[in-house]
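Comments concern the structure below.
Laboratory data are not the source of any read-out in this text; all were calculated from the coordinates shown. Bear in mind the structure is a predicted one, so any value in this text is a computation, not a measurement. Ideal geometry is used to build each Cβ from the backbone, glycine not excepted, and the neighbour counts take in all protein chains shown.
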């Protein structure tokens, strides 16, 4: 008995207990774990795990299922660290489970204040982990730190006031000794921001306003004082290049969403990628995908960091399948525009010029009587995670084929009220549909696609087993051959899927996990 | 972004213009740009079955109409609701008279029963679930729309009654109403009201039917008028309770 105890104690010491910054930088070297929202800093969502592969994926079956009982969209992406799974659920809930059995280790529920009007619902997309702490946001735009051992609250800091209609749904990003977050609320006349907090103390380390004031560079891209309610939310997790020490973060729509008459100008840095020094929050460079947007085409889609051969040269690039229907490739050190190619139907731009600026088509702007434009307001892509397989060199992502009728009218700003500038309606002359698409990021060429019955809201994951995992709007989790696009396996989960799967390994067994409905479902081979 | 909201129109324009704009973007799809009906009732000349007062109209907009396709527009701000109600009142008072059916509803009922309508439609609990439920069709469609639905049913096919035909790999053809469909499966209700469920891998083809599953009826003028009068008289309570929700979006 005593001997067993000593052996167990020794085993505990060799387990890496804490998630250090160094482990985060080298996350791809721990394929058994899933250490950040994206799985690593580059957001390729790839794992070198091949126990589940193209020849046996058809045998996948449900291994365990955990029910949260929480209503609403379950958009979390779990973290898995050394056999323990951590994830969030709607309304600021956090859970720790045994990643092999799904049995609960602890549950934390944040006491939300009563009588607070939330701008953006109760969705939560996940956690960051650093050291022995987990970090999550709350619907009323707080960032909190929890002890990963038992879920105890360590600190609670307000990001921005919920009374001014700031909210938060994002999974935070841990970089060095800081926790970086963004905000929601772009439909309520907020002024967007990216904040860094000291991981230890919860004190704000820096803030970057995504909408510059009149006297700052870019302030002249806003008419009069429209910058004060200019939107530019930052509700999706950014990416990070440790070698270049650069942080990449997408910025959302300008406000009001559909009426631009009161905010003439390019409206920086809305619908842009901003690239910051993670130590100071200083802007290093930016690229605006959709100047003066009037379609709610946030640039919140994943800014994925890739090293590819582009026109014969090895390049470090950042790529994004943007909501506006174009796939962009930028040099991630300098911001140089390299390429933009349409990946879905679009009717708003004639082309993207050689500087990366769209040349507008006629009839693409919302009007009082309504204008039919593709893509629709939800975009040809959106926040749903893409993935990349280094073996094929291809980018895998969900595509939405759907158009909208966009209406426009000048709105009056009232603090705390929606600030849309009119409305949109789905085009009714056709049914929406979608694709899972494999694309060569060096050329923008489609390598294969798989048609979905409905436009998807779910992301993808790649593995060295030659597989792409993806979800769809009808509730299927699916596995595809990454080379051919052949569907190898699918299972109906019973609810629309609004997040992306992960994979991990415990005791030599590979698992695939996904949130659907109110359940965290985990699949494995028999 | 937020896909659930269809409001947010605190316009810096007059309330009547604001109401018109809200109507155009939220209501016109079913009630027509001029309010004279379509898939929804004629708001210009049809009687107000849910009451005339501001509060009654607001209630319909806010909560929807159970048993009908009128959804709840619960995200409208109070000032938007006021503006919309103002515009709906203006639409109604702009009518030259109320819409009435000239025919004989008692004879129309006989026409309904003798023309085979109950083999596809249901009134109350009587009839078939294959086609649209007509229990309160008189309250939810304009006469013009009803007439077109009888004489030229393919002119407007509600998506929930769109026809689809599949052919299985062993050559069997099944046509009916598409109840549900996803990437891998399809569920059909055939004319015998049976559910026919398929994996798409079992099918050799699937065809959207361009024509309505309902045949066009060429009735003598008087019989048509009588049938219309009968249908217009159907304003019964549908067996659905609770508010009708708009499709929720995703944040």
Using only Cα atoms, find the angle between the long axis of helix B:221-232 and the longest principal axis of chain B, and express it within 0 to 90 degrees, rounded to the nearest 10.
70
Percent antiparallel among DSSP beta bridges (both partners in the range A:321-422, rounded to 5)
95
At 25 °C and a viscosity of 0.890 mPa s, what translational diffusion coefficient does Stokes-Einstein give for the range B:19-154, taking Rh as the Kirkwood radius over Cα pairs? Give it in µm²/s as a whole number.
152
Using alpha carbon centroids, what distance separates the range A:427-503 and the range B:108-178, in Å?
36
Put a dot 7 Å past each Cα toward the Cβ at residue A:104 and residue A:445; how far apart are the dots in nm?
5.3
Sequence gap at least 6, Cα distance under 8 Å: using those rules, report the relative contact order of the range A:189-327 to the nearest whole percent.
21
Per principal axis, descending, Cα span of the range A:376-526 in whole Å:
60, 38, 28
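Taking the Cβ of each residue in A:478, A:65 as the centre, tally the other Cβ atoms inside 10 Å and list the residues starting with the fewest.
Working: A:478 25, A:65 14.
The fewest-first ordering by Cβ neighbours comes to A:65, A:478.
Once R0 is set to 51 Å, what does the formula 1/(1 + (r/R0)^6) return for the Cβ-Cβ distance between residue A:204 and residue A:65, expressed as a FRET efficiency to the nearest 0.05?
With R0 = 51 Å, the Cβ-Cβ based efficiency is 0.85.
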For residue A:48 and residue A:114, FRET efficiency with R0 = 51 Å and r from the beta-carbon atoms, rounded to 0.05?
0.60
Hey, with R₀ at 45 Å, roughly what FRET efficiency would residue A:164 and residue B:222 work out to, going by the Cβ-Cβ distance, to 0.05?
0.10
Defining a contact as two alpha carbons under 8 Å apart and six or more residues distant in sequence, what relative contact order in percent does chain B show?
26
Relative to the first principal axis of the alpha-carbon coordinates of chain B, what is the inclination of helix B:105-114, with its axis defined by its Cα atoms, in degrees from 0 to 90 and to the nearest 10?
20
For the range A:112-129 and the range A:323-382, write down the distance between their C-alpha centroids in whole Å.
31
Averaging sequence separations of C-alpha pairs under 8 Å and six or more residues apart, then dividing by the length of chain A, give the relative contact order as a whole percent.
14
What number, in nm² with one decimal, is the all-direction average of the projected area of the convex hull of the alpha-carbon atoms of chain A?
23.8
At what distance in nm do the modelled label points of residue B:129 and residue A:336 sit from each other, each positioned 7 Å from its Cα along Cα→Cβ?
6.5
Taking chain A as the reference, fit the longest principal axis to its C-alpha atoms, fit the long axis of helix A:2-14 to the helix C-alpha atoms, and give the angle between the two in degrees, 0 to 90, nearest 10.
30
Taking chain B as a Gaussian network, where each spring joins two C-alpha atoms under 10 Å apart, which residue of B:40, B:14, B:138 fluctuates the most?
B:14
Over all Cα pairs of the range B:10-72, the Kirkwood radius sets Rh, and Rg/Rh then becomes 0.96
After finding the eigenvalues of the alpha carbon gyration tensor for the range A:288-395, what semi-axes result from the square roots of 5 times each, listed largest first in whole Å?
27, 15, 11
If you rank B:144, A:75, B:208, A:432 by fewest surrounding Cβ atoms within 10 Å, what's the result?
B:208, B:144, A:432, A:75
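As a test, work out the antiparallel percent of DSSP beta bridges whose residues both lie in the protein assembly as shown, rounded to the nearest 5.
Within the protein assembly as shown, antiparallel bridges account for around 95 percent of the total.
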How do A:183, A:359 rank when sorted from fewest to most other Cβ atoms within 10 Å of their own Cβ?
A:359, A:183
Let me know the mean shielding of A:486-499 by other chains, meaning the per-residue number of their Cβ atoms within 10 Å of its Cβ.
1
Approximate spin-label separation residue B:179-residue A:21, in nm, with each point projected 7 Å along Cα-to-Cβ:
5.9
